[in-house]
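Every read-out reported here was derived from the displayed coordinates using simple, explicitly stated rules and does not represent laboratory data. Every value quoted in this text rests on a predicted model; they were computed, and no experiment measured them. As a convention, Cβ positions derive from the backbone with ideal geometry for all residues, glycine included, and neighbour counts pool all protein chains shown.
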Amino acid sequence: MQFKPEALKQVIAKVLQLPDDRVFFAYQPAKVYAEDEDEEEKEFFVTLNPITSVTLGTAYHFDGKKEQEVITQTKETTVSVNAYGTNANDLLQKLLGVLKTSLAVQSLNEAGMAIPRTSAIRNLSGVMGAGYEERAQVDLIVSHPYRLTTSLMRADSVEISVIKD
């Protein structure tokens, strides 16, 4: 079991009631809108970028019957969430609020994660190129397990040699 950024992306789109093409990863290209499209369609979008992961603890379990060991780590991954466009700061304020709803908590639990902490929202609006761009950013601290299962090869017999000096 590992952290699934795609599941977090889907939860954010769901709780903000945004179409999937409005929430994407920072490394993905933004949707290009035609000049004649409705301005409201071009208003805003949200990007996600997992940036760090810290291990909080590790548990080890050996299953002799299955001949395997299971290493489980509790991790916290910091995910940078950026909102661009009209009311970017308000959109992230709304996100932090709706992430506390039972719908969001249940959806996160089903994906094997929780959001115990967030950073303050940073307003990064300013002049970009020839115009003003509204932009805001917040970090979500996502708690999740990481589980690794490996098979162990049983030694049924061992050859022992004695070497005399």
Task: Cα→Cβ-extended label distance, 7 Å offset, between residue 151 and residue 127, nm - done: 6.5
Task: Principal-axis tilt of helix 88-98 within the chain, Cα atoms, nearest 10 degrees - done: 50
- [ ] Please work out which option in (1) 86, 38, 28; (2) 74, 66, 34; (3) 60, 37, 23 gives Cα extents along the principal axes in Å calculated from these coordinates, and answer with its label.
- [x] (1)
Task: Nitroxide proxy distance, nm - points 7 Å out along Cα→Cβ at residue 90 and residue 73 - done: 4.2
Task: Contact order normalised by residue count of the chain, Cα under 8 Å, 6+ apart, percent - done: 26
Task: For the chain, size of Cβ-based charge dipole, Lys and Arg +1, Asp and Glu -1, in debye - done: 840
TODO: Measure nothing fancy, just the Cα-based angle from helix 5-16's long axis to the longest principal axis of the chain, in degrees from 0 to 90, nearest 10.
DONE: 40
Open item on the list: Counting only helical runs of four or more DSSP H residues, what would the 222 nm mean residue ellipticity of the chain come to if each run contributes -39,500 (n - 2.57) and the total is spread over all its residues?
Closed with: -6000 deg cm²/dmol
